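Data block below; observations after.
Just so it is clear, none of the values below were taken in a lab; they were calculated from the coordinates. All figures in this text were calculated on a predicted structure; none of them were measured in a lab. Using ideal geometry, Cβ is built from the backbone for each residue, glycine included, and neighbour counts are taken over all protein chains shown.
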Amino acid sequence: MTKLHVDVFHEMIQARKAVIRVVWGKDGIEGLTLPQFVLLMHIRRNGSLTPSEIRDKMLVTQGNITGLVQRLIKRGWADRRHSSVDKRVVKIVMTQAGIEKLETVIPIWEGLIEKAFKPLSQNQQKQLRKLLLQLQVGLNEPDTSCCGLSINTTKNKKSKSPRSRT
């Protein structure tokens, strides 16, 4: 007999794979792969990042980051810039072509996510989101962003966490 938490974990992994398959397919969106998209979204959110910052945000090895950044640079979507404060520090920045690529891909990405979640009603999606946020908070990982996009549509700095609302 399996334990419920093992079954839940397995179903989360399977659901994640299915959603990624629906949204990203085999070839990505408009030539942009999921890792490239995630990296561009992090750069968009932060302005620029060092390779070490990218590694920490994406939870991958430095070798993976090097190849990923090189592919973005080769496609003209990102570039390396030396810090004006410390020339030893290299930051990865998005180019105008990278900004334009995201502007093209984001609406397609959002539509594909909507398609992926069609099997769930609005209320079920809200309930799933609440449960996932509760799990993240319980694991001390209250990251409420996806690929650099804030889940919250408003930018109210004084907004309270979902737990503090009555």
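Taking a ≥ b ≥ c as the square roots of the eigenvalues of the Cα gyration tensor of region 1-60, is the shape rounded (a/c under 1.5), prolate (a/b larger than b/c) or oblate?
oblate
For region 103-141 and region 1-34, what is the separation of their C-alpha centers, rounded to whole Å?
Taking the Cα centre of region 1-34 as reference, the centre of region 103-141 is 13 Å away.
Which order results if PHE117, PHE37 are arranged by neighbouring Cβ count within 10 Å, fewest first?
The most exposed by this proxy come first: PHE117, PHE37.
What does the charge count near ASN64 come to, summing +1 for each Lys or Arg and -1 for each Asp or Glu among other residues with Cβ under 13 Å from its Cβ?
Computed value for this residue: +2.
Could you list LEU135, LEU40, LEU112 so that the one with the fewest beta carbons within 10 Å of its beta carbon is first and the one with the most is last?
Ascending Cβ contact count within 10 Å gives the list LEU135, LEU112, LEU40.
Can you tell me what percent of all Cα-Cα pairs in region 13-139 are more than 19 Å apart?
So the portion of pairs separated by more than 19 Å is 57 percent.
According to the square roots a ≥ b ≥ c of the eigenvalues of the Cα gyration tensor, what is the shape class of region 69-136, taking rounded for a/c under 1.5, prolate for a/b larger than b/c otherwise, and oblate for the remainder?
Oblate is the answer for region 69-136, as a/c is 1.5 or above yet b/c matches or exceeds a/b.
Taking the beta-carbon count within 10 Å as an exposure proxy, list THR33, THR61 from fewest neighbours to most.
Least to most surrounded, the residues fall as THR61, THR33.
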